[in-house]
Amino acid sequence: MNMKLKLARVAKNLSQEELAEEIGVTRQTIGLIEKGKYNPTLNLCVRLAKALDRTLDELFWEVDNE
Amino acid sequence: MNKKKNPFGIDERNKEIFMKICTFLYVATIYMMIGIILYRQIILKQHSSQFNDIAMIMSINVVMAIAAVLYFGGLSFKRVKISVAMGFYLLIVILGTIVSGIKYGFSDLTLLFDKFLINTAVAAILITIWYGLTWLGKRREDKEMDE
C-alpha cells in the first residue's frame, strides 16, 4: 500500500477524482496506485509528483525498515 | 499541469489491460485456428484445399507477428548473427519437410523432394526478411539512442 501518495494527496486537499483529473488518468488508476495494486510508469510518477509538489523519492522510494 | 487525458478517457493502465487482453485473445485465436485445421483434417477427413484459406490467414498472421516482434524490439539481440539465422533456416526446412512427410506420406520420394525444395525456398525468403527486419530494427533502436 502506498500511504505516502495518499498522505500527500490528502495534505494537498485533493480527492482521488480531482488528482486523477489533474494528471489525466482515471480515478481507479489513482486508487489502485494508492493500494499498491498498480505500478505506474515513470512518466505517470513524474506527473503525480509534480501535481502533489513532491519529489519521486518522497512519493515512491521505499526504505527497508518501512 | 499538462492534461494528457484522451477523448475516450483511457489512461496508461487501461491501455495496459487492453493490450494484455488483445495479446491473450490473439494467441487464443491462433490456437483455436490450429484446432479447427486439425479437426477438419483428422476428424472430418477434409482435403487440405478445403481449409487452405484458414491456413493461409494463419501463416501470414504468424509471419507478420514474428516480423513485427523482431523489428520493434520484442526480442533483443546484442548482435544480429548470421549463424543463428542459418540455424533457424535449417530448423524451418527440417520441420517443414517433416510436416510435408506427415501430410503427403513418406512413400512418394519425388513428391517429398518437391516439397523439400519448396520448403528451402520459402524458408530462405522468410529468414532473409526476418534477418533484414531484425537488422533494420536494431539500427532504428541504435539511432533513437544516439539522438
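The values are calculated or read from the model by the stated rules, or taken from the named source; none is laboratory data. Worth saying up front: this structure is predicted, and the values here are computed from it rather than measured. With ideal geometry, Cβ positions are generated from the backbone for all residues, glycine too; neighbour counts draw on all protein chains shown.
Out of everything in region A:4-33 that is more than 13 Å from chain B (Cβ to nearest Cβ) and not polar (S, T, N, Q), what residue ends up being surrounded by the most Cβ atoms within 10 Å (Cβ to Cβ)?
A:Leu5
One line per residue, one yes/no per condition, for (1) under 19 Å from B:Ala124 (Cα atoms); (2) exposed (fewer than 14 other Cβ atoms within 10 Å of the Cβ); (3) in the same structural domain as B:Gly132 (by TED's automatic domain parsing):
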| site | (1), (2), (3) |
| --- | --- |
| B:Asn52 | no, yes, no |
| B:Ile57 | no, yes, no |
| B:Ile60 | yes, yes, no |
| B:Ala85 | yes, no, yes |
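Hey, any hits in region B:108-123 for a residue that's within 14 Å of the chain's Cα centre (by Cα), small (Gly, Ala, Ser) and more than 23 Å from B:Tyr26 (Cβ to Cβ)?
yes
Tell me the residue from B:Ile102, B:Ile42, B:Ile92 that is in the same structural domain as B:Leu126 (by TED's automatic domain parsing) and surrounded by fewer than 10 Cβ atoms within 10 Å (Cβ to Cβ), please.
Residue meeting the stated conditions: B:Ile102.
Yes or no, residue by residue, for (1) within 24 Å of B:Ala67 (Cβ to Cβ); (2) in contact with a Ser or Thr (Cβ under 9 Å, 6 or more places away or on another chain); (3) without any contact (Cβ under 8 Å) to a residue 60 or more places away in the chain; (4) not polar (S, T, N, Q):
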position	(1), (2), (3), (4)
B:Phe88	yes, no, yes, yes
B:Val93	yes, yes, yes, yes
B:Phe113	no, no, yes, yes
B:Trp130	yes, no, no, yes
B:Lys143	yes, no, yes, yes
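Does region B:11-23 contain any residue that is β-branched (Val, Ile, Thr), surrounded by 11 or more Cβ atoms within 10 Å (Cβ to Cβ), within 14 Å of chain A (Cβ to nearest Cβ) and not in a loop (DSSP other than H, G, I, E, B)?
yes
Against the definition (more than 22 Å from B:Gly9 (Cβ to Cβ) and either within 14 Å of chain B (Cβ to nearest Cβ) or modelled with pLDDT of 95 or more (or both)), how does A:Ala49 come out, yes or no?
yes
(1) among the hydrophobic types (A, V, I, L, M, F, W, C); (2) part of a helix (DSSP H, G or I); (3) more than 15 Å from the chain's Cα centre (by Cα): which one isn't true of B:Val69, the others all being true?
Against the list (1) among the hydrophobic types (A, V, I, L, M, F, W, C); (2) part of a helix (DSSP H, G or I); (3) more than 15 Å from the chain's Cα centre (by Cα), B:Val69 comes up short only on (3).
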